[in-house]
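Q: One structure, as structure tokens, below. Some questions next.
What follows is calculated from the coordinates using simple rules that are stated; it is not laboratory data. Given the structure is predicted, the values throughout are model-derived calculations rather than measurements. For neighbour counting, all protein chains shown are included, and Cβ atoms are generated from backbone atoms with ideal geometry for every residue, glycine included.
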Amino acid sequence: MRTKGSAKELEIRRMIAGQLLLDGNSVAYVAEMVGASLSSVKRWRWAVEKGGLEALEAKPHPKPVSRLDAKQKRQLLEILLAGPRKAGYPNDWWTCRRVAEVVAKRFHVEYHPDYIGTILHDLGWTCQKPEQQAREADDVAIEHWRTKGWSRIKKGHVAAAIP
């Protein structure tokens, strides 16, 4: 089980233990002082002997290398901004599956559709559906209905009581 604390806090603990070991203290004493197991302090002692206190520094976790480089991501962004119809799809919806297909065709890189969402999020895209509006919709008539027609028939409205 991992000891509680941030990477920096645990590094400080190891550094204190390393300094105590360099000062000539016993493994048992150091383990008691920093609240660590004997096996951990022995491992730290070995590391200090081989590489000094620097060997006890926290090491960052390496991130996986992206299979799309920055230039390809910019090109993908341009494709996305041009729209799905321009990419050969019948409507205006970008789905993760469609973006994965575009990436595979254009850049010859295979991504699982579920991971494409992460890439899109990194590019600043969010999950959205385009607004749908009937071709016959009349904005003026809709606004007139909202302000005049609806208030006229709404239950309990004063204007409805007056003939």
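Q: What number of residues within the stretch 106-126 satisfy the criterion of being farther than 15 Å from residue 77 by Cα and either within 18 Å of the chain's Cα centre (by Cα) or surrounded by fewer than 12 Cβ atoms within 10 Å (Cβ to Cβ) (or both)? Give the steps one after another, and end with the answer.
A: Keep residues of the stretch 106-126 that are farther than 15 Å from residue 77 by Cα, which gives 108-115.
Next, only the ones that are either within 18 Å of the chain's Cα centre (by Cα) or surrounded by fewer than 12 Cβ atoms within 10 Å (Cβ to Cβ) (or both) stay: 108, 110-115.
Summing the residues that are farther than 15 Å from residue 77 by Cα and either within 18 Å of the chain's Cα centre (by Cα) or surrounded by fewer than 12 Cβ atoms within 10 Å (Cβ to Cβ) (or both) in the stretch 106-126 gives 7.
Q: All but one of (1) more than 30 Å from residue 96 (Cβ to Cβ); (2) among the hydrophobic types (A, V, I, L, M, F, W, C); (3) surrounded by fewer than 13 Cβ atoms within 10 Å (Cβ to Cβ) hold for residue 41, so report the exception by its number.
A: (3)
Q: Every residue in the stretch 68-85 that is over 17 Å from the mean Cα position of the chain (by Cα) and surrounded by 10 or more Cβ atoms within 10 Å (Cβ to Cβ), please.
A: Answer for the stretch 68-85, where residues must be over 17 Å from the mean Cα position of the chain (by Cα) and surrounded by 10 or more Cβ atoms within 10 Å (Cβ to Cβ): 69, 72, 74, 75, 76, 77, 79, 80, 82, 83, 84, 85.
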